[in-house]
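Data block below; observations after.
The values are calculated or read from the model by the stated rules, or taken from the named source; none is laboratory data. The structure presented is a predicted model; accordingly, all values stated were derived computationally and were not measured. In this analysis, Cβ positions are derived from the backbone assuming ideal geometry, glycine residues included, and neighbour counts consider all displayed protein chains. Calculation scope for accessible area: heavy atoms of the full protein, side chains included, ligands and nucleic acids excluded. Shrake-Rupley method; radii C 1.70, N 1.55, O 1.52, S 1.80 Å.
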Amino acid sequence: HGIYVKNRFRTDLGFFGIRQPEGYSANKGYTVQSAGVGIKFNYLLNRTETLFAGLGLGYYENNIKKDNSGLTSVHKISSIGIHAGYRWFAFKHSNSIFKNLYLAPWASLDYNYPINNTAFDQDGYEQTKWSVFPTIHLGYKF
């Protein structure tokens, strides 16, 4: 992720990839690897350690494998959502290089819109319309 902050507004451009845990979606018997790009616009309540919230847009692809047959498919998906989190500077009172190191736990609620249909759509796989994405960013403020 690359993040640019001006006053209390933050823009975050990030690339991501994850192998989804099987229990993450309602689809059992599938292995799903997701990769994509997202942009987030945040408002910070103050300029340092703070709560933040905003809007995010994304595009990602799910590489899906049906476990019992080995058949594969790719779902292309766009998403829009809201998110909130907290940016915490653990060493803010230090004079070391760690002073600007932070943790930012956050979560989003996203609406997912499939761009393409695949053979799996007729075979029981269903892309969820809504998803919750919790995560933690480790960052450094320059």
Inter-label distance for LEU109 and TYR4, nm, one decimal - labels placed 7 Å from Cα along Cα-to-Cβ: 3.0 nm
Spread of Cα-to-Cα distances over 10 Å intervals beginning at zero, given as percent, for the stretch 33-79: 23, 30, 23, 15, 8, 1
Dipole of the chain, positive direction: furthest Cα of VAL5, ILE115, ILE18, with charges on the beta-carbon: VAL5
Relative contact order (%) - criterion: Cα under 8 Å, at least six apart; region: the chain: 18 percent
Within the accessible area of the chain (1.4 Å probe), percent carbon and sulfur: 62 percent
Most to least packed among 133-140, 9-16 [average Cβ atoms within 10 Å]: 9-16, 133-140
Cα radius of gyration and Dmax for the chain (Å): 17.9, 59
About the Cα centre, charge dipole magnitude for the chain (Lys/Arg +1, Asp/Glu -1 at Cβ), debye: 780 debye
